[in-house]
Amino acid sequence: MRPTDHDTDDFAALRRLAEQRWTCRQFRPDEVDRATIEQVLSLTQRTPSWCNTQPWQVVVTSGEGTDRLRKELLAYIQTHGTAPDFEFPAQYAGVYRDRRRACGFQLYDSVGIAKGDHEKTMRQMVRNFEFFDAPHVAIVTSEEDLGVYGAVDCGLWLENFLLGAQALGLGAAPQAALASYAPFLREYFGLPDHRKVVFGVSFGYPDLDHPVNAFRTARAPLADQITWHTS
Ligand SMILES: Cc1cc2nc3c(=O)[nH]c(=O)nc-3n(C[C@H](O)[C@H](O)[C@H](O)COP(=O)(O)O)c2cc1C
C-alpha cells in the first residue's frame, strides 16, 4: 500500500501499523510490565460490538502463570483430541487452499523445514502450544448465546489488540490452535460452560533475530476482494 495525497496523519499512522504488523512466532523471555499490557487492553476496550455487548472476556497470564499453563497444556495434548467450541474450517479449497499453502510454505521455509518433513512440521505445530516461548498468553472467550456475532466482535477486539501491541513495540500471535483445546482451557481457568473459547493470543517482545520472524505474508489485490456496484 502506497501513501496517497489523501493521507491524513492518522491514516498514515494506521497504515504503517497495519503494514508493519506480523504474526510473531518467537518471543524473548522478558515479561511485559502490567501497565503496558493494560495500555493495550484499554485500547481494545474501545472495540465496537453488536448492541455494545462487549462479549470478549480475556484471561491474561504472566510469569509462572504462563509457564504452568504451557506445561499443563502440553501434557494434556499428548492424551486428548481436539474439541474446539466454534467449528474449524470444513476445508480449504481453491484460492483459500492456495493462500493457506503459500503462508505455510513461507513459515516452513523460514525455519528450514523441507516439504514433506512431517516430523519437523509437527514440531513447528507444537510450538503453538508452547506459545512460541511468549511470557504471556491471552485466552479470549465469547458468550454462547451471542453465537457467531459474539465471535465477530472478538475478532474486532483481536485486531485492536494486535495493532496496539505493534504500536508499543510488542509482538503478538493470534492462535486459533489454542481454541482446539477449549474444554481444557475452560476447566483450567474455571470458566463456565457458556463461555466459548474463540482464540488465544501469545504476546511479548519479539525476537527479531529469529528467522521465523523474518518473513511477511502477501495480500490479494483489491480487485480480487471488492465488487463495486455503481448503477
Ligand atoms: C483468528 C486467527 C487465528 C490464527 N491462528 C493461528 C494459529 O493457530 N497458529 C499460527 O501460527 N498462526 C495463526 N494465525 C496467524 C495467521 O496465520 C496470519 O495472521 C496470516 O498468515 C497472515 O500473516 P500475518 O499475520 O503475519 O500478516 C491466526 C490468525 C488469525 C487472525
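The values are calculated or read from the model by the stated rules, or taken from the named source; none is laboratory data. Quick caveat, the model's predicted, so the values are computed rather than measured. Glycine also receives a Cβ, built like all others from the backbone with ideal geometry; neighbour counts cover every protein chain displayed. In case anyone asks, the SASA skips ligands and DNA or RNA and just uses the protein heavy atoms, side chains included. Shrake-Rupley method; radii C 1.70, N 1.55, O 1.52, S 1.80 Å.
Of the conditions (1) over 15 Å from the mean Cα position of the chain (by Cα); (2) within 15 Å of the ligand (Cβ to nearest atom), K115 satisfies every one except a single condition; which number is it?
Evaluating K115 over (1) over 15 Å from the mean Cα position of the chain (by Cα); (2) within 15 Å of the ligand (Cβ to nearest atom) leaves (2) as the failure.
Please state which one of A182, A173, A177 is within 22 Å of R127 (Cβ to Cβ) and surrounded by 22 or more Cβ atoms within 10 Å (Cβ to Cβ).
Residue meeting the stated conditions: A173.
Can you tell me which of S110, S142 is farther than 22 Å from W50 by Cα, within 13 Å of the ligand (Cβ to nearest atom), more than 15 Å from the chain's Cα centre (by Cα) and touching a residue at least 24 places away in the same chain (Cβ under 8 Å)?
Answer to the check: S110.
Go through the range 208-231 and report how many residues are within 15 Å of the ligand (Cβ to nearest atom) and of a type outside the set (F, W, Y).
Counting residues in the range 208-231 that are within 15 Å of the ligand (Cβ to nearest atom) and of a type outside the set (F, W, Y) gives 12.
Tell me which of these V152 doesn't satisfy, since it passes every other one: (1) open to solvent by 50 Å² or more (accessible area, probe 1.4 Å); (2) free of Cβ contacts under 8 Å to residues at least 40 places away in the same chain.
All conditions pass for V152, except number (2).
For the range 23-50, what are the residues that are open to solvent by 30 Å² or more (accessible area, probe 1.4 Å) and within 15 Å of the ligand (Cβ to nearest atom)?
Matches in the range 23-50: T23, R25.
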